[in-house]
Amino acid sequence: MSENHVSCLAFGQAVIGPPGSGKTTYCFGMQEFMSRIGRKVAVVNLDPANEGTPYQCAVDISELITLADVMDNLKLGPNGGLIYCMEYLEANFDWLQEKLAKLKGHYFLFDCPGQVELCTHHGALKNVFAQLAKWNFRLAAVHLVDSHYCTDPGKFISVLCTSLSTMLHVELPHVNVLSKMDLIEQYGKLAFNLDYYTEVLDLSYLVDHLATDPFFKNYRRLNEKLVEVIEDYSLVSFVPLNVQDKESMRRVMQAVDKANGYSFGDSEQRSLEALMSAAVGADFHFTSTLAVQEKYVQPQEKTVEQEAMEI
């Protein structure tokens with residue numbers, strides 16, 4: 001590989017996730033965090049439904065097309081409108097290439113639409129990422145999911161299925177993130193320790209816990225098969241995140257830098273120990289996850305599982 005080719009590489013993050021998972025807030029927080037450690041960061045808004053972004057936007061898709069205009073002129077709903085917008089962007093790559101060419105030397109954050117179909121089975125957004133790869137962008141997908149889904153076993157299995165489907169469809173190095181950790185127990189208590197959810201440990205316990213619910217008891221075989229698919233692939237794990245916590249942001253940044261290859265470059269000073277740790281995958285997250293649990297999860301004398309068994 002020539003030196004010229006290496007020098008024109010651009011690194012970045014494709015920030016994806018369902019509506020309301022905190023993508024725009026994440027981009028704003030990560031832009032601030034990275035700017036303070038010396039990185040030149042450019043945020044690219046690819047969400048045509050995004051209005052009044054809190055971050056400084058280097059490229060905005062609203063200059064090309066907006067969801068409101070599409071819905072008004074083509075009489076489409078929000079879902080159909082978003083798909084049309086992404087297909088329109090796909091047909092106008094020259095506009096995007098011209099905008100990005102002015103930002104050489106920057107680290108990129110792509111704020112993507114929140115429509116789940118775009119990340120699970122529709123091809124438009126995937127094709128945008130593929131085109132960026134042809135332009136020498138080395139991206140990692142950062143998939144945000146609300147952490148409070150961990151408190152509901154049924155919703156957590158659904159989140160695992162969505163995350164797995166997204167990983168297989170998008171075809172990028174992937175970091176799944178449990179966002180809004182400070183609100184994790186807003187809707188209920190965790191049945192197990194936090195590392196059970198972040199590392200996606202033996203899910204048979206989750207199926208057993210789900211079976212204590214009279215409604216889900218009838219769907220035990222279905223849940224067992226879904227869990228079996230998730231465990232057979234063994235791809236999904238999560239990094240906990242609270243955007244307002246610097247240490248939490250640092251852990252996510254390190255995971256993404258390892259995924260997209262930025263940590264192996266020479267843009268910033270790095271220690272040999274950190275490089276070797278990333279190279280052999282020797283990042284042990286148990287201690288950090290335990291610290292997050294102590295900070296955000298209220299201790300209880302009995303777990304939800306134990307209480308359910310007594311009932």
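Return a whole-number percent for the relative contact order of the range 25-154, with Cα pairs under 8 Å and 6 or more residues apart as the contact set.
Taking the mean separation of contacting Cα pairs over the length of the range 25-154, I get 27 percent.
Can you bin the range 165-226 into rounded, prolate or oblate? Criterion: square roots of the alpha carbon gyration tensor eigenvalues sorted a ≥ b ≥ c, rounded for a/c under 1.5, prolate for a/b above b/c, oblate for the rest.
oblate
State the Cα centre-to-centre distance between the range 1-72 and the range 197-242 in whole Å.
Spelled out, the Cα-based centre of one part sits 33 Å from the other.
From the backbone phi of the range 155-166, what are the Karplus-calculated ³J(HN,Hα) couplings (6.51 cos²θ - 1.76 cosθ + 1.60, θ = phi - 60°) in whole Hz, Gly and Pro given as x?
5, 5, 4, 4, 4, 4, 5, 5, 5, 5, 4, 5
On the full set of protein chains, 1.4 Å probe, figure out the accessible area of T25 and give it in Å² to the nearest 10.
80
Round to the nearest 10 and report in Å² the accessible area of F93, as given by a 1.4 Å probe over the protein chains' heavy atoms.
40
Could you check the spin-label model distance between Q244 and C161? Points 7 Å from the Cα along Cα→Cβ, value in nm.
3.4
How much net charge surrounds L164 when only the other residues with a Cβ under 11 Å from the Cβ of L164 are counted, with Lys and Arg +1 and Asp and Glu -1?
-2
Suppose R0 equals 30 Å; then what is the FRET efficiency for K75 and Y219 from their Cβ-Cβ distance, rounded to the nearest 0.05?
Efficiency at R0 = 30 Å is approximately 0.20.
Long-range amide H contacts for V239: which residues qualify at under 5 Å (H placed 1.01 Å from N, peptide plane, sequence gap of 5 or more or a different chain)?
N176, V177, L178
Taking all protein chains in place and a 1.4 Å probe, what share, in percent, of the accessible surface of the range 1-151 do carbon and sulfur account for?
49
How much solvent-accessible surface does T53 expose, in Å² to the nearest 10, with a 1.4 Å probe and all protein chains in place?
Its heavy atoms expose roughly 40 Å² to the probe.
Send over a whole-number figure in Å² for the accessible area per residue of the range 111-247, probe 1.4 Å.
45
How far, in nm, would the chain grow between A130 and E51 when pulled straight, counting 0.36 nm per residue and subtracting the alpha carbon separation?
Gain on extension, A130 to E51, equals 25.8 nm.
Quickly work out the E228-to-L64 label distance, labels modelled 7 Å from Cα along the C-beta direction, and quote it in nm with one decimal.
Going by the 7 Å Cα→Cβ label model, 4.3 nm.
The values are calculated or read from the model by the stated rules, or taken from the named source; none is laboratory data. Worth saying up front: this structure is predicted, and the values here are computed from it rather than measured. Counting neighbours? That spans all protein chains shown, and the Cβs are built from the backbone with ideal geometry, glycine included. Just the protein is used for accessible areas: all its heavy atoms, side chains included, with ligands, DNA and RNA removed. Shrake-Rupley method; radii C 1.70, N 1.55, O 1.52, S 1.80 Å.
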